[in-house]
Amino acid sequence: MKANELKRKYIDYFVKKGHTEIPSASLIPENDPSVLFTTAGMHPLAPYLLGEKHPAGRRLVDCQKCIRTGDIDEVGDASHLTMFQMMGNWSLGDYFKNESIEMSYDFLVNVLGIDPANLAVTAFAGDENAPRDEETVAIWKSMGMKDEQIFFYGKKENWWGPAGVTGPCGPDTEIFFVDQSKPKCSADCGPACHCGRYLEIWNNVFMEYNKNAEGKYEKLQQQNVDTGLGLERTLCVLEHIPSVYETEFFLPIIEVIEKASGLQYGQAVKEFRIIADHMRAAVFILGDDKGVAPSNLDQGYVLRKLIRRTIRYLQKLGMDWQPMMDIAETVVREYAGEYPELERNKAFIIEQLQNEAVKFAKTLDQGLRLTERILDGIEENGTMDGEEAFKLYTSFGFPLDLTIELAAEKGIKVDSVKFEALFKEHQEISRAGSLQKFKGGLADASEETTKLHTATHLLGAALRKVLGPDVHQKGSNITAERLRFDFSFERKLTKEELTEVERLVNEAIKAGIEVNCEEMTLGEARDRQAEGVFGDKYGDMVKVYTIGDVSCEICGGPHVTNTAQIGGFKIKKEEASSAGVRRIKAVVGEQYA
Ligand code: SER
């Protein structure tokens, strides 16, 4: 079975069961400061899981491109990927456990033909937040699953979400494919074990809780289902392929690396996998319409890391960075059918990869010279201080293994224990920083963020009025404190332009204009000249928010009902975000009226 066929079967199955197909959202979350990337299909749907009405109805299905950065450093095993595709079906306050589990089982066993004897499932063991999920187990048993195929686990394994610090979440039941050719590695070997016998393919989350800013789990007003079935992994299972890297998703990329290196995949499996995974993810991030470029911040930093690691591994296999360009071209060619944005943004992808390769070469050069100087000061058989090695890491991105390699050439050791200690400390500091930054929470629908959502529409409209109709949104990120708006524009704004933009927004606020929401088809929205990314495949029905004759925009909401509620508006900062994209940070409130 081919990947597209599998994807189609999945979508068709759920459409027949009353779901509406929606398109894959951007990899960069809209309005949501709680995570850098879309990590699951539920992410763009968070407001609807919290109770907003979705224009496409209460049953949805899609295949969402996702990025998970948690284990970039561990990529290389048989099943973990930085970018992966998640097929998902949702009930927004519609069906719950019974129907959800029945459909998952029916699809796997009757549509895909997987032998139920090769499945194992898990359920939530219960704690102070939610009861032991006997209900789920009873449903699995009614499907014919035996006791030995069912496993209970606690929150660590069987509770999903929130995706960020706050948001919808709940107990889940995960479905595993059991590789019967691998014996149990120990008496208590089960789905939670990492020995390779159990491969998680599908997760059904029963999202009936919201984790709030105080860390409390409160019941949501509706019972939702959020599921995710890994496309790459399911393809492996159906095709009896041992790793995701040997599926049709990766073979063309592996071939390019073989050709460029003169090596066979089997001679350097881990290196091939890392190069293929990182380049595929980097091309998808660059190819997103949001226009993220490599930088030292947020998504740009992850992108930089992916590109630089790719180059390092190419070098390890004796190549320079040039093959990276052939790999990128291959990814665009292979995936553009399903993700047309890659073709649309191909010039940007290629240009940014080249720029980054040149920058990295310069950094490497400087780093090598400093390493040389440090090593010259150490006697043969001596040891390089872990702090020096760590400095090479933070200033030049030199991973420990590179420094060890360079030192070894001169018969010098590196104090890697000290390096690791400093590294851990550094990670903890940045994690704490991220948590602080993400405190605003996932899809926070508080009064403050609602005001900022509407102010964002007014800001976009004002920018178009002052700078011209070619200004469009490239990204939006809202916390309880401020809005951050990225838009297409080539140069720094003048003081006069900024003052005029601010004045126009405040004028609309003062005028007390009603904010109207209507549902309509994408075609109708286009006829209204609503603002929105029409290049994307939108779902059939969309929500359009109109603010008098000031603004008309496709958006999921939420918004205030009258602009007067915003109080006032002030721009705090205007700066470059990436090439051709500017960024404005602004605040709202009575004090800025
Ligand atoms: N959100 C759940 C997961 O990522 C189901 O899609 O596993």
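Taking R0 as 45 Å, what's the FRET efficiency between Ser395 and Arg526 from their Cβ-Cβ distance, rounded to 0.05? Calculated value: 0.35.
When only Cα pairs below 8 angstrom with a gap of at least 6 residues are kept, the chain shows a relative contact order of 13 percent. On a per residue basis, the convex hull of the C-alpha atoms belonging to the range 270-422 measures out at 111 Å³.
Remark: spin-label model distance Lys17-Ala579 equals 4.6 nm, labels positioned 7 Å along the Cα→Cβ axis.
Put a dot 7 Å past the Cα of Glu507, heading toward its Cβ, do the same for Lys570, and the two dots end up 2.2 nm apart.
For the range 543-582, the Kirkwood hydrodynamic radius comes to 12.9 Å, computed from all pairs of different C-alpha atoms.
Work out, step by step, the length gained on full extension between Glu387 and Asp179: first 0.36 nm times the residue separation, then minus their alpha carbon distance; give nm to one decimal.
Stretched out fully, the Glu387 to Asp179 stretch lengthens by 70.4 nm.
Rolling a 1.4 angstrom probe over the range 266-401 with all protein chains present gives an accessible area of which 46% lies on carbon and sulfur atoms. Note on the range 317-402: Kirkwood hydrodynamic radius from all Cα pairs is 15.6 Å, rounded to one decimal.
Using R0 = 45 Å, the C-beta based FRET efficiency linking Glu128 and Glu255 works out to 0.30.
Computed from label points 7 Å out along Cα-Cβ, the spacing between Val111 and Glu497 is 4.9 nm.
The Stokes-Einstein estimate for the range 1-137, based on a Kirkwood radius over Cα pairs and taken at 25 °C with 0.890 mPa s viscosity, is a diffusion coefficient of 144 µm²/s.
Only helices enter the 222 nm calculation for the chain: every DSSP H run of n ≥ 4 contributes -39,500 (n - 2.57), and dividing by all residues gives -12500 deg cm²/dmol, rounded to 500.
Taking θ as phi - 60° and the Karplus parameters 6.51, -1.76 and 1.60, the scalar couplings of the range 477-485 work out to 9, 10, 10, 5, 8, 7, 10, 9, 10 Hz in sequence order, x denoting glycine and proline. Of all lysines in the structure, the ones whose alpha carbon falls short of 22 Å from that of Lys543, not counting any fewer than 8 places away in one chain, are Lys53, Lys290, Lys451, Lys474. Separation of the range 28-62 and the range 222-255, taken as the distance between their Cα centroids, equals 22 angstrom.
The phi-based Karplus calculation (6.51 cos²θ - 1.76 cosθ + 1.60; θ = phi - 60°) puts the 3J(HN,Hα) values of the range 218-233 at 10, 5, 6, 6, 9, 9, 10, 10, 10, 10, x, 10, x, 5, 4, 5 Hz, whole numbers, x for Gly and Pro. Normalised by 2.2 N^0.38 Å, where N is the number of residues, the alpha-carbon radius of gyration of the chain equals 1.02.
Using the heavy atoms of the protein chains and a 1.4 angstrom probe, tell me the accessible area per residue for the chain in square angstrom. Kindly include the intermediate steps, with their values, before the conclusion.
Details: 25880 Å² over 593 residues.
With all protein chains present, the chain gives 44 Å² per residue.
Backbone phi angles across the range 557-570, fed through the Karplus curve with coefficients 6.51, -1.76 and 1.60 (θ = phi - 60°), yield HN-Hα couplings of x, x, 9, 5, 8, 9, 4, 4, 5, 6, x, x, 9, 9 Hz in residue order; Gly and Pro are listed as x. Binning the alpha carbon pair distances of the range 60-120 at 5 angstrom intervals from zero yields the distribution 4, 14, 15, 17, 19, 18, 11, 3, expressed in whole percent.
The values are calculated or read from the model by the stated rules, or taken from the named source; none is laboratory data. All values derive from a computational prediction rather than experimental measurement. Backbone-built Cβ (ideal geometry, glycine too); neighbour counts: all protein chains shown. Note: accessible area is taken over every heavy atom of the protein model, side chains too, but ligands, DNA and RNA are not part of it. Shrake-Rupley method; radii C 1.70, N 1.55, O 1.52, S 1.80 Å.
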